[in-house]
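Remarks on the structure that follows.
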Amino acid sequence: MYVNQTGNFTHDFKMCSYEQLTRLHNASLEVLERTGVKIYEETALKILAEGGAYVDFDSKVVKIPAGMVKAAIQSAPSRIVIANPQGKRSLFLERNNVYFGTGTDLPTHMDPYTKEVRPTMLKDIENIAKVVDKADNFAYVSNQGLAQDIPQHLHDMITLKTMRTYCSKPNLCTATDKGNLMALIDMCAEMAGGYEELKRNPTLMLYNEPVSPLMNSEEAIQKLMLCAEYGIPTTYASGGVSGGTSPVTLSGSIVCSNAECLAGLVLHQLVKKGAPFIYGYIFGAMDMMTTMNVYGGPELGMVHAVMADLAKYYDLPVYGTSGCTDALEVDAQAGTEAMYSIMCAALSGENLVHDNAYTGVGAIGNLSMILLVDEQISFAKRFVQGINYDEDSLAIDLIDKVGYGGAYVSQKHTAKNFRNEVFYPKFFNRKQYLAWESEGGLTLNEKLDNAVKSMIEEDEYSYIDERTAKVFDEIIKDRAKELAIEY
């Protein structure tokens with residue numbers, strides 16, 4: 001028998017050593033203690049002062065001692081479980097468990113029929129929900145766009161209703177302010193069977209962020225505290241752009257963004273110890289030639305891999321970014337950049353990986369890109385699945401049986417294992433030219449476009465019943481009255 005065996009069934013990828021992570025962490029603590037952050041919310045300032053922070057109420061500057069950061073890291077859960085809208089626990093945000101999904105805020109959309117890039121409409125978000133529902137490798141859904149044809153102050157609630165109608169997967173949402181977030185919580189509690197059940201099995205995650213560098217708006221802080229109170233898992237993901245709103249050096253940008261995120265964590269845990277918090281931030285680099293925030297370059301994958309290492313250092317679930325491109329349409333650049341960041345996210349063990357299928361430097365939604373990324377994620381999953389080295393996989397007896405010049409295609413061992421051992425794509429070509437030509441000679445883009453149209457043209461369906469839809473509408477109407485706008 002074999003004893004004392006070690007081996008790699010999957011990769012073991014790290015961007016940073018323990019010493020480097022410690023240095024990044026200590027540098028972040030120095031920023032919080034020396035420079036601090038500005039917080040424009042009076043209740044939060046009082047909570048932080050009572051918790052031990054040094055607060056200048058006139059300047060709104062809060063300086064946070066290292067001990068408060070340590071306590072917050074220790075009290076936040078290392079594991080968060082998310083349920084789908086039907087209540088089934090489906091996302092387990094824990095060490096090295098990776099899930100991919102869409103993002104939230106693209107202002108424009110490439111029309112799947114005309115290929116025109118135009119303002120995003122509510123129908124586009126409906127179609128996004130339909131396509132993500134059928135994309136097996138997307139574990140959760142966000143609206144992916146900012147619909148221009150609905151009241152903007154009601155956007156959060158209307159798009160949640162749309163996503164719940166056409167997609168059965170958990171939701172990552174944004175909220176304009178505390179009132180809109182409360183309405184989202186009300187809607188999800190209605191489906192979950194109450195607020196306590198929603199807290200026990202949350203179906204909603206909030207994307208929330210400070211303002212780089214080192215600023216925290218009243219709206220963001222109020223949403224952060226409300227999430228803590230109701231047990232809604234939330235990010236506090238700063239969006240520092242290196243060379244613009246954070247230092248141009250990658251490590252300096254990490255330190256600044258890490259300090260911003262940790263400041264949010266401290267307040268969050270002071271409001272409710274043990275409330276679910278998703279650590280992480282969103283990195284971008286300023287292209288000094290165009291002044292654009294690069295969303296497909298190699299730096300994005302590198303920095304998010306470091307962020308995943310820091311999350312393991314803190315033992316916290318981590319936010320991630322992948323599958324995005326600066327390309328304006330589905331082309332070779334889009335495939336290269338998206339696949340690179342997907343592999344980085346998978347290798348580094350990012351938990352909740354968002355913004356998959358963003359195109360146009362983070363500004364254009366594209367349904368065909370969703371299906372391309374779905375295929376790429378499947379490709380990456382085969383890599384991280386690794387290679388099995390058990391007795392059946394080593395196949396010594398089979399090799400002896402087949403012998404010299406034999407064939408393995410007819411063996412039961414082949415039939416039993418081939419689906420797990422080999423990646424089989426839906427859209428990538430594996431036919432020789434004549435066979436491909438005889439079956440229509442469709443390009444990859446044509447296959448993706450045809451699949452998108454088929455998905456969005458299927459017969460109408462709904463994942464929510466008529467009663468739930470009416471309750472959703474009543475909640476939206478009540479919020480519209482509070483805002484004094486028509487709905």
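The values are calculated or read from the model by the stated rules, or taken from the named source; none is laboratory data. Bear in mind that the values here come from a model prediction, so they are computed numbers and not experimental data. Cβ atoms come from the backbone with ideal geometry, glycine included; neighbour counts cover every protein chain shown. Please note that ligands, DNA and RNA were not included when accessible areas were found on the heavy atoms of the full protein model with its side chains. Shrake-Rupley method; radii C 1.70, N 1.55, O 1.52, S 1.80 Å.
A few comments on the model shown:
- Set A147, A183: member being in a loop (DSSP other than H, G, I, E, B), over 27 Å from M286 (Cβ atoms), hydrophobic (A, V, I, L, M, F, W, C) and open to solvent by less than 10 Å² (accessible area, probe 1.4 Å): A147
- Condition met for A334 (surrounded by fewer than 24 Cβ atoms within 10 Å (Cβ to Cβ), among the aliphatic types (A, V, I, L, M) and more than 14 Å from the chain's Cα centre (by Cα)): no
- Check on L21, without any contact (Cβ under 8 Å) to a residue 40 or more places away in the chain and open to solvent by less than 20 Å² (accessible area, probe 1.4 Å): no
- Residues (open to solvent by 10 Å² or more (accessible area, probe 1.4 Å) and not aliphatic (A, V, I, L, M)) located in the range 186-201: D186, E190, G193, G194, Y195, E196, E197, K199, R200, N201
- Residue match in the range 465-483 (condition: among the acidic types (D, E) and under 30 Å from I377 (Cα atoms)): no
- Some residue of the range 289-302 being modelled with pLDDT of 95 or more, buried (at least 20 other Cβ atoms within 10 Å of the Cβ), touching a Pro at 6+ places or on another chain (Cβ under 9 Å) and closer than 22 Å to R23 by Cα: no
- The condition of being modelled with pLDDT of 95 or more and open to solvent by 60 Å² or more (accessible area, probe 1.4 Å) holds for only one of R479, R430, that being R430.
- Here the helices (runs of 4 or more DSSP H) wholly within the range 348-426 that include at least 2 residues being of a type outside the set (K, R), open to solvent by less than 50 Å² (accessible area, probe 1.4 Å) and in contact with a strand residue (DSSP E or B) (Cβ under 9 Å, 6 or more places away or on another chain) are 367-385.
- Residue, most open to solvent (accessible area, probe 1.4 Å), within the range 252-288, restricted to residues that are touching a residue at least 40 places away in the same chain (Cβ under 8 Å) and farther than 26 Å from C227 by Cβ: M288
- Some residue of the range 132-141 being surrounded by 20 or more Cβ atoms within 10 Å (Cβ to Cβ), small (G, A, S), in contact with a strand residue (DSSP E or B) (Cβ under 6 Å, 6 or more places away or on another chain) and modelled with pLDDT of 95 or more: yes
- Residue within the range 156-168 that is polar (S, T, N, Q), crowded, with 20+ Cβ neighbours inside 10 Å and either under 15 Å from L367 (Cα atoms) or touching a Ser or Thr at 6+ places or on another chain (Cβ under 7 Å) (or both) present: no
- The set of residues from the range 433-475 being part of a loop (DSSP other than H, G, I, E, B), open to solvent by 80 Å² or more (accessible area, probe 1.4 Å) and of a type outside the set (F, W, Y) comprises E439, E457, E458, D459, E460, D465.
- Hey, Y207 touching a Pro at 6+ places or on another chain (Cβ under 7 Å) and within 30 Å of M191 (Cα to Cα) or not: no
- Applying the set (1) more than 30 Å from R164 (Cα to Cα); (2) of a type in the set (K, R); (3) surrounded by fewer than 17 Cβ atoms within 10 Å (Cβ to Cβ) to R79 leaves exactly one unmet item: (1).
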